[in-house]
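S.K.: Submitted below is the structure of interest, expressed as structure tokens.
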Amino acid sequence: MVDEDRKRPHAIFFPYPLQGHVIPAVHFATKLASAGFTITFVNTHFVHHQISKSGADGRGGDDIFTASRKAGLDIRYETISDGFPLGFDRSLNHDQFWEGALHVLPAHVEEFVERKVSSKEKVSVLIADTFFVWPSTVAKKYNLLYVSFWTEPALVLTIYYHLHLLRSHGHFGSQDNRTDTIDYIPGVRAVEPTDLMSYLQPSCKDTSSICHRIIDKAFDDVKRADFIIINTVRELEEETISALHQTQPTYAIGPIFPTGFIDSPVATSMWPESNCTQWLDSKPPGSVLYVSFGSYAHASKPAIHEIARGLLQSGVNFIWVVRPDIVSSDDPDPLPVGFEQKAREEGRGLVVVWCSQNKVLSHCAVGGFLTHCGWNSILESIWCGVPLLCFPLYTDQFTNRKLTVDDWKVGINLCDGDWVIRGEEVSKKIDRLMRGETAEDLRVKIKKVKKVLEDAWAAGGSSETGFRQFVEDIEVKIN
Ligand code: UDP
């Protein structure tokens, strides 16, 4: 077949409608379009509304459609309903939101795909977040290749993938789950039950929640994917990725970041970004602790208060991203009375609702990151050589902590043992992270892991070749 006769892949891309999923999806879509794909990128009305609103004051780049036009890429942008009105509080009513993802969204997706497939647009590929429950059915019905897009580490995917093994070995699903080491999952040498994702931990007694029902369906569905894409780096999770690859074509192509890392041409933030650069410019190198618990997790009010106490006691400079719903959207004043004012008056602390995290982490004044261990945050921090203080709250964050602290040794735990948080301990841990021997050791180790990430996308690196291979394999399948 001569080159002109070859079909260019046209993929419909559905990211999961959550901030931490939309960000890598946008940047992966851009990479695919740069490699010659046509992409129809589909956000929910709500995600679109949030991103447009947050960029309305001119910060944070163009929407994906405008940015791709400027870059000469073929990305078409559309939105569908998630079944709820824009004003519906998805954070407060999070079970209802999940019910919608399970029962309402699939119908909207199917209607959309049917319309696209019956148009003249020659769609051949469906790319969908692995957490969706419907992709294999939709792909089969409309004769599309199905690419499952996984935004967390391979370790987390593998554990969900082998949930049946956890059940049959008694580590999950009974009232009296085993608490000894898990050593029978293919590609996973050993993992402690307390390092499992929150839904699978021994302390999780209700295993029929909406999240469990989604997990059951989604990780059955992924087994029918033609390809799996993971935002990780082969050298960091070699055994796990190899084991997955034995059952399905799996490509590790992380870290997926915006071109240029800090100056993304595409807006992805769902909240307006405060500019922290001027404040950071006034601080000595390595003196600032960046604190953020991501876009979605909640912390208890006592924990937030103990962290506030620890921050003041530690004497460190800090930027703290405090989302208004960090405790709950029912509680708009999560911080201790007077905390923010005191921090500001002392010139030591800046509290913001949201910021450009990549810009903050890249600033030379930042010397540590107190994090909830979201996967994007971990990759971004390693990329910037900033050691982590780990405070996992929910879902994959516990498993990501294990990789960060126990395996790669680029971070330390905020709490030891019981996960009960105390101001004095917070202050001591901040000190260990930012000053002295442990801090020095962490910095040496993180440099090495950072190099692994950099090499992965250099010419001939594992992610660069994995990505090229994926593009080739798709082209072979559709031609
Ligand atoms: N983020 C940001 N500004 C903030 C806080 C977070 O831009 O103030 C970005 C961060 O860079 C990351 C994403 O939001 O890319 C959060 O993803 P992560 O996987 O770390 O956590 P999640 O929000 O999914 O729990």
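The values are calculated or read from the model by the stated rules, or taken from the named source; none is laboratory data. Computed from a prediction, not measured in an experiment: that's the story for all the values here. Positions of Cβ are backbone-derived with ideal geometry, glycine not excepted, and every protein chain shown enters the neighbour counts.
S.K.: Give the residue that is farthest from Asn275 (Cα to Cα), with candidates limited to residues of segment 40-51 that are more than 16 Å from the ligand (Cβ to nearest atom) and out of contact with any Ser or Thr (no Cβ under 8 Å at 6 or more places or on another chain).
M.R.: Checking each candidate, the answer is Thr40.
S.K.: Where in segment 66-163 are the helices (runs of 4 or more DSSP H), entirely inside, with at least 3 residues that are aliphatic (A, V, I, L, M)?
M.R.: Ranges flagged: 105-117, 154-161.
S.K.: Quick one: would you say Ile228 is surrounded by 22 or more Cβ atoms within 10 Å (Cβ to Cβ) and touching a residue at least 24 places away in the same chain (Cβ under 8 Å)?
M.R.: Criteria met by Ile228.
S.K.: Here's another thing I want to ask about it. Name the single residue that is surrounded by the most Cβ atoms within 10 Å (Cβ to Cβ) among those in segment 1-36 being under 22 Å from Phe261 (Cβ atoms) and over 18 Å from the mean Cα position of the chain (by Cα).
M.R.: Leu32
S.K.: With the requirement that a residue be more than 8 Å from the ligand (Cβ to nearest atom) and under 29 Å from Ala252 (Cβ atoms), what does segment 331-359 give you?
M.R.: Listed by number, the list holds a single entry, Lys359.
S.K.: Can you confirm whether segment 245-255 contains a residue that is over 22 Å from Leu144 (Cβ atoms) and surrounded by fewer than 22 Cβ atoms within 10 Å (Cβ to Cβ)?
M.R.: The answer is yes, given that some residue of segment 245-255 is over 22 Å from Leu144 (Cβ atoms) and surrounded by fewer than 22 Cβ atoms within 10 Å (Cβ to Cβ).
S.K.: Limited to segment 373-418, what total is found for residues that are more than 30 Å from His212 (Cβ to Cβ) and β-branched (Val, Ile, Thr)?
M.R.: Residues in segment 373-418 being more than 30 Å from His212 (Cβ to Cβ) and β-branched (Val, Ile, Thr): 4 in total.
S.K.: Let me ask you something else. Any residue at all in segment 251-266 that's at positive phi and in a loop (DSSP other than H, G, I, E, B)?
M.R.: Looking for residues that are at positive phi and in a loop (DSSP other than H, G, I, E, B), one finds at least one in segment 251-266, hence yes.
S.K.: Search segment 406-451 for residues being β-branched (Val, Ile, Thr) and in a helix (DSSP H, G or I), and hand back the single one that is nearest to Val288 (Cα to Cα).
M.R.: So, considering only residues that are β-branched (Val, Ile, Thr) and in a helix (DSSP H, G or I), the one nearest to Val288 (Cα to Cα) is Ile430.
S.K.: Could you grab me the full set of residues in segment 194-240 that are assigned to a loop (DSSP other than H, G, I, E, B) and more than 15 Å from Ile159 (Cα to Cα)?
M.R.: Within segment 194-240, Ser203, Cys204, Lys205, Asp206, Thr207, Ser208, Ser209, Ala225, Asp226, Asn231, Thr232, Val233 meet the criteria.
S.K.: Can you find a residue in segment 408-423 that is within 16 Å of the ligand (Cβ to nearest atom), surrounded by 17 or more Cβ atoms within 10 Å (Cβ to Cβ) and either within 17 Å of the chain's Cα centre (by Cα) or more than 20 Å from Leu196 (Cβ to Cβ) (or both)?
M.R.: Yes, there is a match, as at least one residue in segment 408-423 is within 16 Å of the ligand (Cβ to nearest atom), surrounded by 17 or more Cβ atoms within 10 Å (Cβ to Cβ) and either within 17 Å of the chain's Cα centre (by Cα) or more than 20 Å from Leu196 (Cβ to Cβ) (or both).
S.K.: Out of curiosity, is Ile75 surrounded by 15 or more Cβ atoms within 10 Å (Cβ to Cβ), out of contact with any His (no Cβ under 6 Å at 6 or more places or on another chain), more than 24 Å from Glu273 (Cα to Cα) and in contact (Cβ under 8 Å) with a residue 24 or more places away in the chain?
M.R.: It is true that Ile75 is surrounded by 15 or more Cβ atoms within 10 Å (Cβ to Cβ), out of contact with any His (no Cβ under 6 Å at 6 or more places or on another chain), more than 24 Å from Glu273 (Cα to Cα) and in contact (Cβ under 8 Å) with a residue 24 or more places away in the chain.
S.K.: Additional query: Please name all residue pairs, on different chains or six or more residues apart, with Cβ atoms under 6 Å, provided the first residue is in segment 277-288 and is part of a helix (DSSP H, G or I) and the second residue is buried (at least 19 other Cβ atoms within 10 Å of the Cβ).
M.R.: Trp279/Leu350; Leu280/His363; Leu280/Ala365
S.K.: Search segment 15-26 for residues that are of a type in the set (A, V, I, L, M) and pair each with any residue that is assigned to a helix (DSSP H, G or I) and within 10 Å of the ligand (Cβ to nearest atom) when their beta-carbon atoms are under 8 Å apart and the residues are at least 6 apart or on different chains.
M.R.: Matching pairs, first to second residue: Ile23/Asn376.
S.K.: Restrict the check to segment 353-369 and report whether at least one residue is of a type in the set (Lys, Arg), surrounded by fewer than 23 Cβ atoms within 10 Å (Cβ to Cβ), in contact with a strand residue (DSSP E or B) (Cβ under 9 Å, 6 or more places away or on another chain) and over 18 Å from Cys390 (Cα atoms).
M.R.: There is no residue in segment 353-369 that is of a type in the set (Lys, Arg), surrounded by fewer than 23 Cβ atoms within 10 Å (Cβ to Cβ), in contact with a strand residue (DSSP E or B) (Cβ under 9 Å, 6 or more places away or on another chain) and over 18 Å from Cys390 (Cα atoms).
S.K.: Just name the residue that is farthest from the ligand (Cβ to nearest atom) out of those in segment 292-330 that are in a loop (DSSP other than H, G, I, E, B) and of a type in the set (Val, Ile, Thr).
M.R.: Here the residue is Val316.
S.K.: Output the number of residues of segment 370-401 satisfying the condition of being near the ligand (Cβ under 8 Å from one of its atoms), polar (S, T, N, Q) and assigned to a helix (DSSP H, G or I).
M.R.: Count: 3.
S.K.: Report, by residue number, each residue of segment 248-289 that is in contact with a Ser or Thr (Cβ under 8 Å, 6 or more places away or on another chain), of a type in the set (Ser, Thr, Tyr) and within 14 Å of the ligand (Cβ to nearest atom).
M.R.: Result: Ser269, single match.
S.K.: Would you point out the residue of segment 256-291, among those that are closer than 21 Å to Tyr16 by Cα and modelled with pLDDT of 95 or more, that is surrounded by the most Cβ atoms within 10 Å (Cβ to Cβ)?
M.R.: In this case the residue turns out to be Ile256.
S.K.: Name the residues in segment 105-130 that are exposed (fewer than 15 other Cβ atoms within 10 Å of the Cβ) and either within 23 Å of Pro24 (Cβ to Cβ) or aliphatic (A, V, I, L, M) (or both), would you?
M.R.: Answer for segment 105-130, where residues must be exposed (fewer than 15 other Cβ atoms within 10 Å of the Cβ) and either within 23 Å of Pro24 (Cβ to Cβ) or aliphatic (A, V, I, L, M) (or both): just Ala107.
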